[in-house]
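Computed from the coordinates by the stated procedures, all read-outs in this text should not be read as laboratory data. Every value quoted in this text rests on a predicted model; they were computed, and no experiment measured them. Don't worry about glycine lacking a Cβ; one is built from the backbone with ideal geometry, like all the others, and counts go over all protein chains shown.
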Amino acid sequence: MVLSSLRSGAILDAIRVRIQNIGRMRYINLLFSRRSVHPSQYHHMITAGMVKEDRTAVVKLPFAQILSFLLFALVLITANQAHAQPGEPVSGEGPRWFGTTGKSTPYDTASRKQLSSLALESAGLLEGAIEPDKYHVGPNDALSITIWTANTKVQDVLVTPDGKALIQSVGEVNLRGKTLAEAEEAIKKAVARVYNVNASVSLRKMREFKVSVIGAVKTPTSVSATPTTRVSEVIDLAGGARPSDANKRDIIIYRKVDSKNRVEIPVDLLPFYAFANYDSNPFVSDGDVIKIGIVDPKKVVQVIGAVAQQGEYPWRPSDSISTIINASYGLTADAKRDSIAVITKNEAGEIIRQTFHSMLSDGSITDDRPLLNGDEIYIYRKPKYLERNQVVVRGEVAQPGVYPVIPGTTKLRELLAVAGGFTEKASLIDAVLIRRNAIGKPDEYLAYILAIEPENRTPAEAEYLRTKLLEGQKQGLMIVDFNALMQGDETQNLTLIDNDSLFVPKEVDYIGISGKVKNAGNFLYRPGFAYQDYIAMAGGYGWKAEKSETQIIKGRSGDRLPAEDRENYTIEPGDAIFVPEERPSNFWEGVATALTIVTQTAAIVALVLSLTNRQP
């Protein structure tokens, strides 16, 4: 009775619920306002003792019965909204104005948070945002449809296997063959026919489907893919193409049109791998079968010379000079851009056509032409392009190392400045600049003489040997006064060339004495001492010493000067004094003596050459 009265009355403005336990029975007190109750119903409620003087009705009912009532009231409210006239406000809403939907707006915070959550859920390893006009909707795509009514509705819809979207209170919408943009327009129109409000569609989650890979692949199989998966990725998922014979320029996609028909789509992945041309690496679709062809060794073109990747490339009738050069990752830095030759041969291997081309600054090829099967492309290199012009600096400088030079331009003082200058221990008087390029080729005649036993050599051969040995100690040695250089003497500021070597030894403070003296060795340099003073320090002349033939050997240049010719030399630190033996027993002992002298100075050059090898 009470429920009947409540059901036939208007929807209550306010309901207050209070639960009471009376004995074993649970009751609910419903408190509601008089304003929304029809007068006849109100009178009946007073008679039943359910209404107080404050015009508040109290209904005491069992708990289960009240639950039934609440569910029924909820159905009434839902039906009231669903059957509202399109474009008119439902009960409880204010009037709508242009661009609004009543109390709820498109910018409802909760709705926007939900949409953001959907976007995050659908995010994966994508190349970028999905383009709605290119993405084709298919079975199992999850769509999120937002209907901007007073109470914003968001529906998650899964596209059916036959390509339809079933939208609650709207009906089904055929999306088969449509792009995401076209699908959104179709759904908007369907929603507008029912609600006369706007709607939006977003892709919640992309579908997954099966794609098969066959042919020259490591593992012929089927893999899972999405509409944003490209051909190259599917091949990689199948283990990759066979490196021995796979032809990535000969790939076919077999794609279903309907249950009876399919199309063949040729794919050439070389432009994608060479210069990231995504158009040559298309997206896959539901049920695609990808077949990788096998390289035909009789259908190739060859690229040789200054390109990043030389070799043979599978030939296609659409190939041109530019496409194959691009496929080989382009020209290298040392390529002669105006020296590109294309050769065509007949079956006998004879050249029947040869053309020359250039690559312009924009990458285009002059007189670009199609290539024939078997054509060869030659790109010539710039001579000595990769050769580095440099010098080596070792010894007592602040920063020893290998330094680049501009041949004919870089000066010695400039090199020293870059190397940080001399250290405090540097011996400028003993510094040596060796020009390796001036060191001559091996003397074949000298090698012939050295192969003869000493006693069998003629006097002329012996003299030639002695002369060459004395000359050899200065081979490649550049005469530089480093003290004068550092004081600004430009005559000593030599121009450097590639392969020069500079060695700066530590300063020495001794004089070397060898030969026929009693105690040969190194003795402390004493300013103002004559050679006799140093010989005295060595204990004097030894037995059979040829005193008149005593020689001063300059440590810096290796020059040998008679000791008695005092006006032509000054003894300096690093010099050597040599006392020969009187009247050699034979000529070859004299040669041996000369070799001893030469060895002392030639060792300097050998040391420089060993120390200044081009090592970082």
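Choose one of Ala216, Leu270, Pro282: the residue whose Cα lies farthest towards the positive end of the charge dipole of region 209-294 (beta-carbon charges +1 Lys, Arg; -1 Asp, Glu; about the Cα centre).
About the Cα centre, the residue reaching furthest to the positive side is Ala216.
If you restrict to DSSP beta bridges whose two residues both lie in region 508-583, what percentage is antiparallel, to the nearest 5?
Roughly 75 percent of the DSSP beta bridges within region 508-583 come out antiparallel.
Where does each of Asp533, Asp500, Asp250 land when they are ranked from fewest to most other beta-carbon atoms within 10 angstrom? Can you show the working numbers first?
On the way: Asp533 13, Asp500 28, Asp250 21.
Taking fewest neighbouring Cβ atoms as first place, the list is Asp533, Asp250, Asp500.
Evaluate the distance, in nm, between pseudo-label points positioned 7 Å from the Cα of Tyr273 and of Arg526 along their respective Cα→Cβ axes.
In this crude label model, Tyr273 to Arg526 measures out at 8.2 nm.
7 Å from Cα along Cα→Cβ at both Ala460 and Asp338: what's the point-to-point distance in nm?
5.5
Amide H of Gly287: which non-local residues (sequence gap of 5 or more, or other chain) have their own amide H closer than 5 Å, using H built in the peptide plane?
Those lying under 5 Å, H to H, from Gly287 are Lys210.
If you rank Met359, Met537 by fewest surrounding Cβ atoms within 10 Å, what's the result?
The fewest-first ordering by Cβ neighbours comes to Met537, Met359.
Counting only other residues whose beta carbon sits under 12 Å from that of Ala333, what net charge do I get with K and R as +1, D and E as -1?
Residues close to Ala333 contribute a combined charge of +3.
How about region 358-434: which chymotrypsin sites (Phe, Trp or Tyr not before Pro) there are in a DSSP loop, with at most 13 other Cβ atoms within 10 Å of their Cβ?
When the chymotrypsin sites (Phe, Trp or Tyr not before Pro) of region 358-434 are filtered for loop state and at most 13 Cβ neighbours within 10 Å, Tyr385 remain.
In nm, to one decimal, how far is the Asn198 label point from the Met486 one, both placed 7 Å along Cα→Cβ?
Inter-label distance under the simple model: 8.3 nm.
What does DSSP give for region 209-294 in terms of the percent of beta bridges that are antiparallel, rounded to the nearest 5?
Among the beta bridges of region 209-294, antiparallel pairing accounts for roughly 85 percent.
Excluding Ala241 itself, calculate the net charge of residues whose Cβ lies under 15 Å from the Cβ of Ala241, where each Lys or Arg counts +1 and each Asp or Glu counts -1.
+1
How far, in nm, would the chain grow between Thr423 and Glu387 when pulled straight, counting 0.36 nm per residue and subtracting the alpha carbon separation?
9.8 nm
Residue separation times 0.36 nm, minus the C-alpha to C-alpha distance between Glu582 and Glu208: what's the value? Write down the numbers at each step before the final one.
Values: separation 374, 0.36 × 374 = 134.64 nm, distance 10.37 nm.
In short, 124.3 nm is gained.
If r is the Cβ-Cβ distance from Tyr380 to Ile351 and R0 is 22 Å, what FRET efficiency results, to the nearest 0.05?
Calculated transfer efficiency: 0.85.
For region 335-442, which trypsin sites (Lys or Arg not before Pro) are both in a DSSP coil and crowded by at most 11 other Cβ atoms within 10 Å?
Sparse-neighbourhood loop trypsin sites (Lys or Arg not before Pro): Lys384, Arg388, Lys425.
Show log10 I(q)/I(0) for region 508-583 at q = 0.11, 0.14, 0.27 Å⁻¹, two decimals, from a solvent-free Debye sum over equal Cα scatterers.
At q = 0.11, 0.14, 0.27 Å⁻¹ the computed log10 ratios are -0.22, -0.37, -1.40.
Computed FRET efficiency, Cβ-Cβ of Arg242 and Glu131, R0 30 Å: what is it to the nearest 0.05?
That pair, Arg242 with Glu131, gives E of 0.35.
Near the amide H of Arg204, under 5 Å away, which other amide H atoms are found, from residues 5 or more places off or on another chain, if H is placed in the peptide plane?
Ala142, Leu143, Ser144
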